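Since the structure comes first, as structure tokens, the remarks are kept for the end.
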Amino acid sequence: MIRTRQLTKRYGSNAVLRGVDLDAAAGEFVVVLGQSGAGKSTLLRCMNRLATADSGELQIDGIDAMQYGDTRALRRKVAMIFQHHHVVPRLTALKNVLTGRLGSVSVLGSCLHLFRRQDIALAHDCLARVGLAHKAHERTDALSGGQMQRVGIARALAQRPRVILADEPVASLDPHTARTVLQYLREASRALGITVVCNLHQVDYAREFGDRIVGLAQGRVVFDGRPDALTAADIDRIYLQPVDSASTGRAQPAAPVALSTALGV
Ligand SMILES: Nc1ncnc2c1ncn2[C@@H]1O[C@H](COP(=O)(O)OP(=O)(O)OP(=O)(O)O)[C@@H](O)[C@H]1O
Ligand SMILES: [Mg+2]
């Protein structure tokens, strides 16, 4: 479903992705872990062609995503969810979800907010999948942060994507709400066979929700495996990278206490 080989991306002299190999099967929930600046968002942006990788292979659901010509076809297959939900506050939850269908209605129809009956039924179904059927006709500014993020997930589902790329979708939520949101996302992806690549900062959420974890450090994959295979040493490899030693040629001194010990994981 998703296959990258030796994907590279550089911003000026900053080599952000340094040969990333990643595979994600249909319906698989892959969590990407890595410290700030490791390249997690850049990887997702390259997958959706919001950024263009410099070299390597990138295939998404059979599309060669390195080719410019296929960007529109790619965007129909790939939905994104961000930390801040980007819902429109004055619209109802249902209308927000229907905006996920805008790519499939006519320009006139979208201006007039005219949606086909099957789109409205689909939007209701997507809201039900995130436990918000009863909130369909409420304005989203009357919802909680976690509920707004679930509206964002429902909107992504309404695109009928093959892939959802989620960039720290629960970063601004309390632990209970974060788990609820991740639970809904995982259940929907399993039920609908949607591949999810989800950037997270929390190792415990990665263990709980990931079918697979990919650890990124300085633009390289340093772990790729099932959550139960992730050891304390792997966590240290992901989070205790010397600061840009590859580009300066100098390794920074290692932190005195292993991060996995400090975190108690
Ligand atoms: N548009 C850009 N122009 C220049 N540099 C960029 C751009 N986007 C990202 N970078 C650089 O790429 C590196 C990786 O950034 P990225 O946002 O992918 O990291 P991240 O792993 O998502 O970090 P975080 O956990 O803080 O979100 C950083 O050094 C960043 O400054
Ligand atoms: Mg990021």
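Observations, loosely collected:
- Net charge, Asp211 excluded, C-beta distance under 10 Å - Lys, Arg +1, Asp, Glu -1: +3
- Ligands, DNA and RNA left out, the accessible area of the stretch 2-263 computed with a 1.4 Å probe is 51% carbon and sulfur.
- Potential lengthening between Asp228 and His84 on full extension [0.36 nm per residue; Cα-Cα distance subtracted]: 48.8 nm
- Ranked by the mean number of other Cβ atoms within 10 Å of their residues, highest first, the peptides 216-222, 129-135 come out as 216-222, 129-135.
- Difference of contour (0.36 nm per residue) and Cα-Cα distance, Asp141 to Thr52: 28.6 nm
- Radius 12 Å from Cβ of Thr42, net charge of other residues (Lys, Arg +1; Asp, Glu -1): +3
- Ranking Ile120, Ala188, Met80 by Cα position along the charge dipole of the stretch 2-263, where only Lys, Arg, Asp and Glu carry charges on their C-beta atoms, puts Ile120 farthest toward the positive end.
- Within the stretch 138-157: backbone nitrogen closer than 19 Å to the Glu187 label point (7 Å, Cα to C-beta): 144-157
- FRET efficiency, 1/(1 + (r/R0)^6) with R0 25 Å, evaluated for Ser172 and Leu240 via beta carbons: 0.45
The values are calculated or read from the model by the stated rules, or taken from the named source; none is laboratory data. The shown structure was predicted, so the numbers you read here are calculated from the model rather than taken from an experiment. Cβ: placed from backbone, ideal geometry, glycine included. Neighbour counts: every protein chain shown. The accessibility values were calculated without ligands, DNA or RNA, using every heavy atom of the protein model including side chains. Shrake-Rupley method; radii C 1.70, N 1.55, O 1.52, S 1.80 Å.
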